[in-house]
Amino acid sequence: MNILDSFTQEPRIAYFSMEIALRSEIPTYSGGLGVLAGDTLYSAADLELPMVAVTLVSRAGYFRQSIDQQGRQQEASDPWRPEDWAKPLDAKVALPIGGRMVWVSGWLYVLQGHMGNAQPVILLDTDLEENTPEDRHITDGLYGGDQAYRLKQEMVLGIGGVRLLQALGFAIREYHLNEGHSALLAVELLRRYRYPAEGLRPGESPYDVPRVREQCSFTTHTPVEAGHDRFSYELVQQVAGEPIALGVLKQLGGEDALNMTRLALNLSEYVNGVAKRHAEVSRGMFPGYRVHAVTNGVHPFTWTSEPFRKLYDKYIPGWCHEAELLMRADCCIGDAEIWEAHRQTKQRLIECVKAATGASLDPQRPILGFARRMTAYKRPDLLFADVQRLREIAAHHPFQIVIAGKAHPHDTRGKQLIEQLHAQARALGDAIPMFFLPGYDLAKAQCLVAGVDVWLNTPLRPLEASGTSGMKATFNGVPNLSVLDGWWVEGCIEGITGWAIGDSQEADNDTDAESLYRKLGDLVLPLYYKDRSRWIAVMKGAIAKNAAYFNSHRMMRRYATEAYIR
Ligand SMILES: *Cc1c(COP(=O)(O)O)cnc(C)c1O
């Protein structure tokens with residue numbers, strides 16, 4: 001029996017993503033995009049939605065982060081062994097890259113949902129004897145290398161991925177392009193769906209664009225320019241040759257350079273942004289395209305700590321499959337039990353911080369958490385805009401801070417921010433105990449988002465497309481204190497689910513910092529110390545009104561009914 005038999009019997013939705021967070025031990029992801037892809041598949045498993053995911057094997061991982069004495073990020077490669085987790089596939093396909101045929105094979109990782117259903121994940125791999133030493137490395141490093149390396153990876157993902165699915169016997173009813181990295185899959189479909197030459201008038205395009213569009217859905221994930229790949233046609237011709245007639249490629253992907261977002265937009269019938277605000281911003285960026293909004297969500301079981309799982313199992317059976325049921329949390333779970341589950345979850349974080357840094361956090365004092373990719377627009381430094389002010393706040397209402405996050409190895413500003421945060425921590429000393437957890441990954445995120453008392457997010461509007469870590473917090477009754485951007489525009493009900501920093505208008509750092517200090521010093525911390533029952537009401541509000549909605553089951557039901565079935 002073939003290892004794929006149970007997956008190739010019915011047509012599936014192919015989900016293409018450059019990164020997917022499958023589990024903590026497998027470093028095939030860098031951050032939010034990959035974690036969302038993982039949650040997508042775990043939800044699809046729980047909902048028995050037939051999918052097949054395609055990604056790169058990324059044998060060298062993203063990178064392993066450590067921090068030196070000066071607070072500088074050190075990067076090491078983070079290799080993993082696919083043979084420890086996945087089964088080799090016996091099919092192989094070839095595609096021309098840089099004038100050579102490059103063979104692509106892959107691994108089957110079976111993603112096992114906690115409710116007993118599974119989804120196949122194909123990890124594409126060019127590390128084959130047939131390939132030159134250089135080509136064997138194409139699928140090694142996630143987001144590493146130069147433009148040519150990236151384009152080669154995107155060819156393997158898009159073109160190699162479509163061909164391998166066919167060789168493996170998958171019947172695909174719809175392709176989901178998770179971000180523009182996989183847009184070349186649509187180009188490969190164009191090659192497949194060509195009108196017969198005899199019916200064509202001279203000069204008429206032989207490609208059946210409507211048929212390709214019918215099969216493709218595209219999700220764009222960021223308004224940040226660097227998140228949209230552009231390749232010069234000179235490079236495209238060097239690396240890819242002419243996968244389809246150059247004139248047609250330029251029509252679809254842009255005249256000046258091959259813009260993967262534009263290519264995906266032109267070849268997908270259904271296009272969406274990842275929150276309502278992000279869809280609006282995307283409509284402004286890409287006028288003329290119909291951009292829907294499917295607000296992100298996170299996987300309920302994955303992001304709920306053990307103590308809260310037990311609590312929900314007791315009072316809200318079925319919550320794992322129908323997270324909407326969590327809307328009952330504010331009425332049917334007692335304060336003492338919520339607080340006790342939180343106490344246990346916080347204790348786990350305290351142990352996690354102790355193991356990583358040797359430091360002891362005080363369980364009696366509130367912990368503020370902040371963790372995400374360290375990059376300028378996320379403004380991890382906003383909290384420290386006025387350190388004197390922050391010290392005064394802490395003098396009245398003591399609190400502690402835990403921070404984590406990686407900066408892309410080429411993001412100089414992001415790395416500087418990590419260094420500055422470490423300098424702040426040293427300067428604050430005992431006044432505000434502050435710790436940085438190195439090597440942010442799924443396991444650390446599970447500990448951190450669940451165990452803090454308040455989750456903080458301070459991005460520069462409107463650049464946070466969605467943000468998902470705050471959603472993870474809500475499954476554990478952790479309220480958000482965040483800038484009104486991304487999902488929080490939809491999730492924030494002031495004083496009920498958490499608190500807003502500033503309003504929804506774009507604002508400068510000083511204005512946002514002022515609002516942050518006011519909320520923290522006048523509202524959030526006093527409430528924590530002086531009115532525990534109202535504090536717990538906000539915790540319950542976060543569960544009942546945020547977790548009940550911002551979950552990946554709701555998200556996948558929407559993709560299924562609006563994107564996959566049209
Ligand atoms: C959730 C998550 C992210 C993304 O967090 P955002 O709030 O969307 O920035 C990044 N890394 C890890 C490990 C995560 O779990």
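Put simply, the amide H of residue 53, placed in the peptide plane, has neighbours under 5 Å in 15, 121, 122, leaving out anything fewer than 5 places away on its chain. Converting phi to 3J(HN,Hα) with the Karplus coefficients 6.51, -1.76 and 1.60 and the offset θ = phi - 60°, segment 491-500 yields x, 7, 10, 3, x, 10, 10, x, 9, 9 Hz in sequence order, with x at every glycine or proline.
In loop segments of segment 311-341 as defined by DSSP, there are no GluC sites (Glu not before Pro) with at most 11 further C-beta atoms inside 10 Å of their C-beta.
Residue-wise HN-Hα couplings along segment 427-435, as the Karplus relation 6.51 cos²θ - 1.76 cosθ + 1.60 with θ = phi - 60° gives them from phi, are 5, 6, x, 7, 4, 9, x, 9, 10 Hz; Gly and Pro carry x. Among DSSP beta bridges lying fully in the chain, give the percent that are antiparallel, nearest 5. Bridges in the chain are about 35 percent antiparallel. Quick check: from the Cα gyration tensor, does segment 211-302 come out rounded (a/c under 1.5), prolate or oblate? In terms of gyration-tensor shape, prolate. Centroid-to-centroid, using Cα positions, segment 238-281 and segment 448-513 are 31 Å apart. Loop-resident chymotrypsin sites (Phe, Trp or Tyr not before Pro) (DSSP state other than H, G, I, E or B) in segment 427-526 with no more than 13 further Cβ atoms inside 10 Å of their Cβ are absent.
Report, to the nearest 10°, how far helix 509-518 tilts away from the longest principal axis of the Cα atoms in the chain, using its own Cα long axis and a range of 0 to 90°. The angle comes out near 40 degrees. Annotation: amide H-H contacts under 5 Å for residue 319 (H modelled 1.01 Å from N, sequence separation of 5 or more, or interchain): none. Taking the inverse of the mean reciprocal distance over all distinct Cα pairs, the Kirkwood hydrodynamic radius of the chain comes to 24.4 Å. Report the net charge of residues surrounding residue 275, where surrounding means a beta-carbon distance below 11 angstrom and charges are Lys +1, Arg +1, Asp -1, Glu -1. Charge balance in the 11 Å sphere: -2. Annotation: amide H-H contacts under 5 Å for residue 97 (H modelled 1.01 Å from N, sequence separation of 5 or more, or interchain): 102.
Simple spin-label estimate for residue 494 and residue 208 gives 5.6 nm between the two label positions (7 Å along the Cα-to-Cβ direction from each Cα).
Taking the helices alone, the chain has a mean residue ellipticity at 222 nm of -10500 deg cm²/dmol, built from -39,500 (n - 2.57) per DSSP H run of at least 4 residues and averaged over all its residues.
Nearest 5 percent is fine: what portion of the DSSP beta bridges confined to segment 1-124 is antiparallel?
Close to 70 percent.
Applying the Karplus relation 6.51 cos²θ - 1.76 cosθ + 1.60 with θ = phi - 60° to segment 313-320 yields 3J(HN,Hα) values of 4, 6, 9, 9, x, x, 4, 5 Hz, where x marks Gly and Pro. Report for segment 101-230 the percent antiparallel among DSSP-assigned beta bridges with both residues inside it, nearest 5. Given both bridge residues lie in segment 101-230, the antiparallel proportion sits at roughly 70 percent.
FYI, it's all coordinate maths here, none of it is from the lab. Remember, it's a predicted structure, so these values are computed and weren't measured experimentally. Cβ: placed from backbone, ideal geometry, glycine included. Neighbour counts: every protein chain shown.
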